[in-house]
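What follows is a single structure, written as structure tokens, with notes after it.
The values are calculated or read from the model by the stated rules, or taken from the named source; none is laboratory data. Model, not experiment: these values are computed from the prediction. No Cβ is skipped: glycine too gets one built from the backbone with ideal geometry, and neighbour counts run over all protein chains shown. SASA here: full protein model, heavy atoms, side chains in, ligands and nucleic acids out. Shrake-Rupley method; radii C 1.70, N 1.55, O 1.52, S 1.80 Å.
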Amino acid sequence: MKISVVIPCKNEAGTVEHLLDSLKRQTDMPNEIVMIDSHSTDTTAVVIKKYQKQLPIKLVVAKKKGIIHARNEGTAITNGDILLFVDADVQLPPHFIAEL
């Protein structure tokens, strides 16, 4: 089964690194990580792009502002059988994906 992680974010430059680091430490990697930038005015996108070589990240800018729109847009482009919705300020324990 393919696992897709959907992460809406807006102005999360100071926190999203912690989440991405926790995803790097997973014992089983998700098949894709879809990050939807909901029109950030800080360096969120720059931070995310630093991780694209290390993680299977798709970064898109939401067409409409708001977390609901970001989640829906992320869902529409995923390929996973299992969708995991995570807020950008969360840190996952190392076995989270494996236990999912």
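Put GLU99, GLU73 in order of accessible area, highest first, and with a 1.4 Å probe you get GLU99, GLU73. Determine which residues of segment 15-29 fall in the zone a paramagnetic label at ASN79 would reach in this model, i.e. backbone nitrogen under 17 Å from the point 7 Å along Cα→Cβ. Zone members listed by number: 29.
Carbon and sulfur atoms: what percent of the 1.4 Å accessible area of the chain do they account for?
52
A 1.4 Å probe run over the protein chains yields, for the chain, 55 Å² of accessible area per residue, whole-number rounding.
Each Lys and Arg contributes +1 and each Asp and Glu -1, all at the Cβ; summed about the Cα centre of the chain, the dipole is approximately 360 debye. Rg and Dmax, both from the Cα atoms of the chain and both in Å, are 12.3, 36.
Projected label points at MET1 and VAL90, each 7 Å from Cα along the beta carbon direction, are separated by 1.6 nanometres. Among THR15, THR44, THR27, the sequence by solvent-accessible area, most first, with a 1.4 Å probe is THR27, THR15, THR44. Here is how the number arises for the chain: DSSP H runs of 4 or more residues each give -39500 (n - 2.57), the sum is divided by the residue count, and the result at 222 nm is -8000 deg cm²/dmol. Summing Lys and Arg as +1 and Asp and Glu as -1 over all other residues whose Cβ lies under 9 Å from the Cβ of GLU73 gives a net charge of +3.
Mind checking Rg over Rh on segment 1-55, alpha carbons, Kirkwood formula for Rh? Don't skip to the answer; put the middle values down first.
Values: Rg = 11.2 Å, Rh = 11.6 Å.
Checking Rg against Rh, the ratio lands at 0.96.
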